[in-house]
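Here is the structure we will look at, set down as structure tokens.
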Amino acid sequence: MSKKNILIISGASYDSIVYLDKFPEPLPQTIHESVFSEGPGSTGVGKASNLCHLGFNTSLQILVGDDYYGKQIRDFLSGKPVNQLVDIDPKGTERHVNLMNKNGERISIFITSASSTPPIDYTKYEKLIQDADIVILNIIDYARQFIPLLKKYNKEVWTDLHDYNEGNPYHEDFIDAADYVFLSSDNLSDYKSTMQDIMSRNKKLVVCTHGKKGASALTSELKWYDSPIIDSYKVIDTNGAGDAFFSGYLYAHCKNLPTQTCLTYGHILGGLCVNSHEIAPPQLSEDGVVNAYMKTVK
């Protein structure tokens, strides 16, 4: 079987990550000698860094500045089997500061954001969209400008709403455009009701992650599936875990595996990711993931 072509639209930043035992109280203070790291991040880079090692022809469209941080992202991706599709943002490269506590919780501060209406010729992506088997549409503001082309060619669209808030109008375009929707229950009062509401909008699948409490899936047949995390993985750094879970699920889905199995593959990728400081599991390979699954189901 030939490799599937995956086009990932948007999601690149340069991140500074600070590791703390606990989040600071809202008081003036000085914190000494915190562990930190810096490097490329965001949801497009994260998903591409997983999927390119899982048997997909992976293309990633990114918007970065003509600056040091943009060069770091491009150099990082050059070391991976990813087809980079680069547009230049006159605002410069998006940058985040992530504060992490020992429980793996995160506070993200967007110190700069990508332009909402950058000077991109979207028609130059028309052939790539036509050739894509799956399009991953990330919820970066300018990415909604791709939606008319996705509809024109009736592409299969996956989106990740991350820490979705019910009724947030920002996400509406992305939900409308998607066939497959992923989200987190972190900010939801009733995740099942939210999943049902999204599914009622003619979706094929809705998946909701619950951090340490696992994940749930709702199919178009209105069947529910729940899956616990795989707790044998030591949690070192939770950055990138959501994108790894998404990638593991998508990989198994493209192998036509059952929904419950897809959730397990998602947890395996997520577990491998949190077991390192990398944005995606190091030395990731399709054989390695399949072997990890076989050990899990013994």
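Could you list the trypsin sites (Lys or Arg not before Pro) in segment 191-269 that lie in coil according to DSSP, counting only those with at most 10 other Cβ atoms within 10 Å of their Cβ? Can you show the working numbers first?
Values: sites: 192, 201, 203, 204, 212, 213, 223, 234, 255; in loops: 201, 203, 204, 223, 234, 255.
Here the trypsin sites (Lys or Arg not before Pro) that fit, given the DSSP loop and packing criteria, are 223, 234.
Of the listed pairs 4/152; 127/192; 4/102, which have alpha-carbon separations greater than 32 Å here?
Correct reply: 127/192; 4/102.
For segment 45-94 and segment 151-175, what is the centre-to-centre distance using only Cα atoms, to the nearest Å?
22
Remind me, relative contact order of segment 68-123 in percent, using alpha carbon pairs under 8 angstrom and six or more residues apart?
30
Measuring from a point 7 Å past the Cα of residue 74 along Cα-to-C-beta, which residues in segment 1-25 have an amide N at less than 20 Å?
Output list for this probe position: 8-15.
So how far apart, in nm, are the two label points at residue 235 and residue 290 if each is 7 Å from Cα heading toward Cβ?
Output for this residue pair reads 3.2 nm.
Pairs of Cα atoms under 8 Å, at least six residues apart: use those to get the relative contact order of the chain, whole percent.
Answer for the chain is 15 percent.
May I ask you to order 272-279, 113-120 by the average number of other C-beta atoms within 10 Å around their residues, highest value first?
Per-residue Cβ counts within 10 Å, averaged per peptide and sorted highest first, yield 272-279, 113-120.
Once every DSSP H run of n ≥ 4 in the chain is given -39500 (n - 2.57) and the sum is divided by its residues, what mean residue ellipticity at 222 nm do you get, rounded to the nearest 500 deg cm²/dmol?
Numbers: 9 runs with 88 residues, N = 298.
Value at 222 nm, helices only, nearest 500: -8500 deg cm²/dmol.
Going by the alpha-carbon gyration tensor, a ≥ b ≥ c the square roots of its eigenvalues, is segment 1-107 rounded (a/c under 1.5) or, if a/c is not under 1.5, prolate (a/b greater than b/c) versus oblate?
It is prolate, given that a/c is not under 1.5 and a/b is the larger ratio.
Rounded, prolate or oblate, given the Cα gyration tensor of the chain, with a/c below 1.5 counting as rounded?
rounded
Could you name the aspartates and glutamates whose alpha carbon sits less than 16 Å from that of residue 223, not counting residues in the same chain fewer than 8 places away?
197
With θ taken as phi - 60° and the coefficients 6.51, -1.76 and 1.60, list the Karplus ³J(HN,Hα) couplings across segment 173-180 in order, rounded to whole Hz; mark glycine and proline as x.
So the J values, rounded to whole Hz, are 4, 6, 5, 4, 7, 8, 9, 10.
Please pull out the direction-averaged projected area of segment 132-212, using the convex hull of its alpha-carbon atoms, in nm² to one decimal place.
5.4
All of the numbers you see were taken from the coordinates with simple rules; none came from a lab. None of the values given here were measured: they were computed from a predicted structure. Reconstructed Cβ throughout: ideal geometry from the backbone, glycine too, with neighbour counts over all protein chains shown.
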